[in-house]
Amino acid sequence: DGGITQSPKYLFRKEGQNVTLSCEQNLNHDAMYWYRQDPGQGLRLIYYSQIVNDFQKGDIAEGYSVSREKKESFPLTVTSAQKNPTAFYLCASSIEYESSYNEQFFGPGTRLTVL
Amino acid sequence: AQKITQTQPGMFVQEKEAVTLDCTYDTSDQSYGLFWYKQPSSGEMIFLIYQGSYDEQNATEGRYSLNFQKARKSANLVISASQLGDSAMYFCAMRERAFFSGGYNKLIFGAGTRLAVHP
């Protein structure tokens, strides 16, 4: 089955620690995205990648970093510089970047809690 | 300026009845896409329906239809014959062209509407 997997489902972090959230897709999609969702709010874009070895900052990139070494993988690192990292993180992918009609497919999400 | 506005934080509907979830948007671009996603309590975002800015007919997907009024910049979701499994958060989103890159780089989401379907 094609889809997007995110791991872990739940993640607990102590203050001052970096953590990495995994996102893998087997849909052969070029574009991948990371979103953050806070309670009662919509999603906000953290980073996106149009193609391997390329990525761009979204609206709330501060305190986060990403890499795109393989087409299938787009891991997100939440660094200690992120002041309020407790949130629900969603990874998404789409066929390509250039068309408005390509919907984004989402993974099941990772819920990060800072203790 | 807020790009996507969903004015209904919560909605209730009786099972088997129809319900309309409101969405208004703001853009100066002529080419854009509008999406509706469903988010059950599990958290995953499920794509429901898409409407392109140049599409002349309203989009339909099974029990979902999109009431697209371009001049009013509204893209309301209509769910017909509501089912208990429709209880979830619903998000309206817009994809517009990025100014510098020319590509469509992100979805802009509204705050969502929580729908509760009662038996």
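The values are calculated or read from the model by the stated rules, or taken from the named source; none is laboratory data. Keep in mind that this is a model prediction, so the values were computed, not measured. We place every Cβ from the backbone using ideal geometry, glycine too, and count neighbours over all the protein chains shown.
Listed conditions (1) closer than 14 Å to A:L90 by Cα; (2) under 12 Å from the mean Cα position of the chain (by Cα); (3) of a type in the set (S, T, N, Q) are all met by A:Q41, apart from (2). Looking across region B:24-63, just one residue is of a type in the set (D, E, K, R) and in contact with an Asp or Glu (Cβ under 6 Å, 6 or more places away or on another chain), and that is B:D29.
All of (1) closer than 18 Å to A:P8 by Cα; (2) crowded, with 17+ Cβ neighbours inside 10 Å; (3) at pLDDT 95 or above hold for A:Y33 with one exception: (3).
Please state which one of A:P39, A:P75 is surrounded by fewer than 21 Cβ atoms within 10 Å (Cβ to Cβ) and within 29 Å of B:T113 (Cβ to Cβ). It is A:P39.
Within region B:23-60, being touching a residue at least 60 places away in the same chain (Cβ under 8 Å) and more than 21 Å from B:A81 (Cα to Cα) holds for B:Y25, B:T27, B:D29, B:S31, B:Y32, B:G33, B:L34. It is to be established whether one or more residues within region B:66-89 are modelled with pLDDT of 95 or more, outside any loop (DSSP other than H, G, I, E, B) and closer than 23 Å to A:E96 by Cα. No, that holds for no residue.
So which of A:Y47, A:Y89, A:Y64 is modelled with pLDDT of 90 or more, within 17 Å of A:K9 (Cβ to Cβ) and in contact with a strand residue (DSSP E or B) (Cβ under 6 Å, 6 or more places away or on another chain)?
Numbers: A:Y47 fails: within 17 Å of A:K9 (Cβ to Cβ); A:Y64 fails: within 17 Å of A:K9 (Cβ to Cβ).
After applying the criteria, what remains is A:Y89.
The selection criterion, being in contact (Cβ under 8 Å) with a residue 12 or more places away in the chain, in a strand (DSSP E or B) and among the polar types (S, T, N, Q), holds for B:T20. Scanning region B:39-60 for residues that are away from chain A (no Cβ under 11 Å) and under 14 Å from the mean Cα position of the chain (by Cα) yields a total of 2. Within region A:49-81, the set of residues being in contact (Cβ under 8 Å) with a residue 40 or more places away in the chain and not β-branched (V, I, T) comprises A:Q50, A:K71, A:E72, A:S73, A:F74, A:P75, A:L76, A:S80.
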